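Each reported figure results from applying straightforward, stated rules to the coordinates on display, with no laboratory input. Quantities reported herein were computed from a predicted structural model and do not represent experimental measurements. FYI the Cβ positions are ideal-geometry reconstructions off the backbone, even for glycines, and counts take in every protein chain you see.
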Amino acid sequence: MNIALVTKGFLSSWGGAERMSVNVAMALKKAGHEVDVYAARVGDEAIDGVKVTKVEVSGFISALKILSFNARVRRLLRGKNYDVVLGFTQVFPLDVYRASGGVHEHWMRLRYPNPLFRALKYATSLVHLAVAWIERNIAKPENHGFIITNSKLVKGHVRQYLGVNDSDIRVVYNGIDHGLFNPEVKKFRHEMRRALGISDDDAVALYVSNNWTRKGLDTVLRAMRDVKGLTLIIAGRGKKGKFLNIMEKLGLETGRVKFAGATKNIERFYGASDFFVLPTQYDPSSNACFEAMACGLPVITTATNGASEVLTHAKDGFILDDWRDDVSLKGFFLRLMDEGARRSMGSAAVKRIEGFTVERCVNEIIKVCELAFEKKRKAS
């Protein structure tokens, strides 16, 4: 097949869709397909036989940049007879669209539950209108062959908000690098704990996020207040002052919470920790949960995180029904204060996640591309 891969970023040094774009391009080429890449951000990656075109984006506000990218990609693709156009970002038309960021309208309803206030945000924040307009256009039958979601949760939202037929949606869970994320990270335990001022005997929960409000850090702090002997590591960027104020109001000692900041070596923090917690309000499918499981950590997250579909409650982790439920979360913390329970659940987590590899994820995406090509061939 002759495939065009459209993505916002083509950089292995980034996370998410950017790194996945590079992995998919390499796998497609290895499988014998011709691949052209169109991206707004391009790194130093050079894959033999893969042509990478940098898409120039104009506009001084986000909405114009989004619309500009969409228009220029369409112009670049015009007249080129690709067998499959695969999109890792919101453009149209596409043969395969990977909706890794979920559905924008669902997030808007969560963030602004009041319909009048939500309408005001749409009217005054053009970026929301631009993203919603492109999503609705992708959902039109003539503008997609298949839509890939990274969880059943997002599949339901694609059906609910965008009206896409069930037969046009395929669920492909994320894959992780098991060479980097595995139980061997425990070798960093003593070194990292010493650097953070944590005793080797303390029970340690790890929280990883760059959006502390949406991903329930206040719930974590409320839940751990009365759990003696539990220390929390927070990895990622956020408004530290706001949460220090919350801790003060709770009477939570500052020494029990370690703000580690952003890191490029997150595997070291998995190695320093005993379990992972992420009571997120909404997450299409958190890679951090998969990484933590692969490192042997029991995972606590919410039913509104697509990654929870991989967990078995009380076997390899715990699933909260409500991201604000600090009472239930405290109960899960207390159960994980037992070292034997952590060890048993951590082993189960490693076994559960072992099949979720980057290779499997990429191969399943390629299979959907093949289905899209066959669908186009029959239609023509």
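Report the relative contact order of region 1-114, percent, no decimals, based on alpha-carbon pairs under 8 angstrom and at least 6 residues apart.
26 percent
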Applying the gyration tensor rule to the Cα atoms of the chain (axes a ≥ b ≥ c; rounded if a/c under 1.5, else prolate if a/b exceeds b/c, else oblate), the class is prolate
For F92, F60, what's the fewest-to-most ordering of other Cβ within 10 Å of each Cβ?
F60, F92
Taking the beta-carbon count within 10 Å as an exposure proxy, list S125, S285 from fewest neighbours to most.
S125, S285
From the square roots a ≥ b ≥ c of the eigenvalues of the alpha-carbon gyration tensor of region 283-336, which class results: rounded (a/c under 1.5), prolate (a/b over b/c), or oblate?
oblate
Shape verdict for region 183-353, please, from the Cα gyration tensor: rounded (a/c under 1.5), prolate (a/b greater than b/c) or oblate.
rounded
Please rank S209, S62, fewest neighbouring Cβ atoms within 10 Å first, as an exposure proxy.
S62, S209
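Taking R0 as 30 Å, what's the FRET efficiency between F259 and V171 from their Cβ-Cβ distance, rounded to 0.05?
For R0 = 30 Å, the calculated efficiency reads 0.25.
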Mean projected area (nm²) of the alpha-carbon convex hull when region 1-138 is viewed from all directions
8.7 nm²
Violations at 29 Å Cα threshold for listed pairs K140/K351; K240/K351; K8/K258; K29/K80 -> K140/K351; K240/K351; K8/K258
Pop the C-beta distance of L129 and K186 into the FRET formula with R0 = 41 Å and round what comes out to the nearest 0.05.
0.30
Per 0.36 nm of contour for each residue apart, how much would the distance between M337 and R75 grow if the chain were fully extended, relative to their Cα-Cα spacing?
88.6 nm
